[in-house]
Amino acid sequence: MDGAVHPPEPWRLRGAGWATAWLVDAAALPALPAPVEPVAVLGKAVVATAFADYRPGGVLVYRELLAAVLVRQGARLGLTSTHAWVDSHTSRAGGRALWGIPKEMARFELTGRPRFAAAARDGSGVIAAARLARPPRWGVPVRAGASMWQDVPGGTVRTPVRVRGSVALARVRWRVEPTGPLAWLRGARPLFGVVLTDFRLRFGPSWAPPAGG
């Protein structure tokens with residue numbers, strides 16, 4: 001299935017997401033692309049975990065669980081996805097081929113309404129689960145942009161990401177399998193959670209920055 005045909009970049013997606021930012025021991029982080037380093041204060045790095053539900057209206061419909069580290073190259077900030085799981089072979093193939101995102105396959109149970117709850121499982125069992133402790137009462141419109149730095153054969157690429165939608169602070173409770181691939185998150189301290197509704201996301205196109213760029 002690695003040879004699945006995928007849409008060309010950029011991908012335009014729409015849907016909803018539930019995310020939490022964490023403080024994690026920088027020494028516990030997985031390997032990152034050589035050009036970047038984690039943004040760390042007093043030995044703590046910032047990591048985001050998220051479930052996303054990509055819905056009709058975008059180039060693909062699928063679900064995703066991901067973990068990403070806040071990184072920098074010089075003064076430029078960005079993100080690196082260390083782990084990602086999807087339930088679409090097309091998304092897996094495209095994420096790997098286009099942007100170096102290490103997507104794997106998983107099965108998802110996800111309920112967005114009236115209250116969010118989700119779990120992702122692979123062949124070994126539950127990877128992680130999350131639920132909304134309390135529905136947010138209001139959201140604010142937001143437009144934001146970021147870059148993702150990922151390793152690909154032959155180097156590293158930087159991919160621009162643009163998103164707009166309604167964002168609300170929320171408390172998202174997570175459970176991470178203690179012997180699973182996200183076990184390095186156990187003991188992390190949550191900073192805040194957000195719910196992103198009816199978002200529009202543009203991912204790509206990527207480019208390979210020059211050395212030192």
> Looking only at the stretch 1-41, which residues are open to solvent by less than 30 Å² (accessible area, probe 1.4 Å) and aromatic (Phe, Trp, Tyr)?
Replying inline: Trp11, Trp18
> Counting only residues that are in contact (Cβ under 8 Å) with a residue 40 or more places away in the chain and buried (at least 23 other Cβ atoms within 10 Å of the Cβ), which one in the stretch 42-67 is farthest from Leu23 (Cα to Cα)?
Replying inline: Tyr54
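Run down Val163, Val167 and say which single residue is of a type in the set (A, V, I, L, M, F, W, C), farther than 17 Å from Glu64 by Cα and modelled with pLDDT of 95 or more. Reasoning before the result, please.
Details: Val163 fails: farther than 17 Å from Glu64 by Cα.
Residue meeting the stated conditions: Val167.
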> Would the stretch 138-149 turn up any residue that is more than 30 Å from Arg72 (Cβ to Cβ), over 14 Å from the mean Cα position of the chain (by Cα) and open to solvent by 50 Å² or more (accessible area, probe 1.4 Å)?
Replying inline: yes
> Can you name the residue in the stretch 73-104 that is within 23 Å of Arg175 (Cα to Cα) and in contact (Cβ under 8 Å) with a residue 60 or more places away in the chain and is also surrounded by the most Cβ atoms within 10 Å (Cβ to Cβ) among such residues?
Replying inline: Thr80
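Confirm whether Ala34 is closer than 22 Å to Ile127 by Cα and among the small types (Gly, Ala, Ser). Walk me through how you get there before you give the answer.
Values: closer than 22 Å to Ile127 by Cα: no; among the small types (Gly, Ala, Ser): yes.
No.
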> Any chance the stretch 180-196 includes a residue that's open to solvent by 40 Å² or more (accessible area, probe 1.4 Å) and farther than 21 Å from Val46 by Cβ?
Replying inline: no
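The values are calculated or read from the model by the stated rules, or taken from the named source; none is laboratory data. Predicted model only: the values in this text are computed from it and were never measured. Cβ coordinates were reconstructed from backbone atoms using ideal geometry, including for glycine residues, and neighbour counts include every protein chain displayed. In case anyone asks, the SASA skips ligands and DNA or RNA and just uses the protein heavy atoms, side chains included. Shrake-Rupley method; radii C 1.70, N 1.55, O 1.52, S 1.80 Å.
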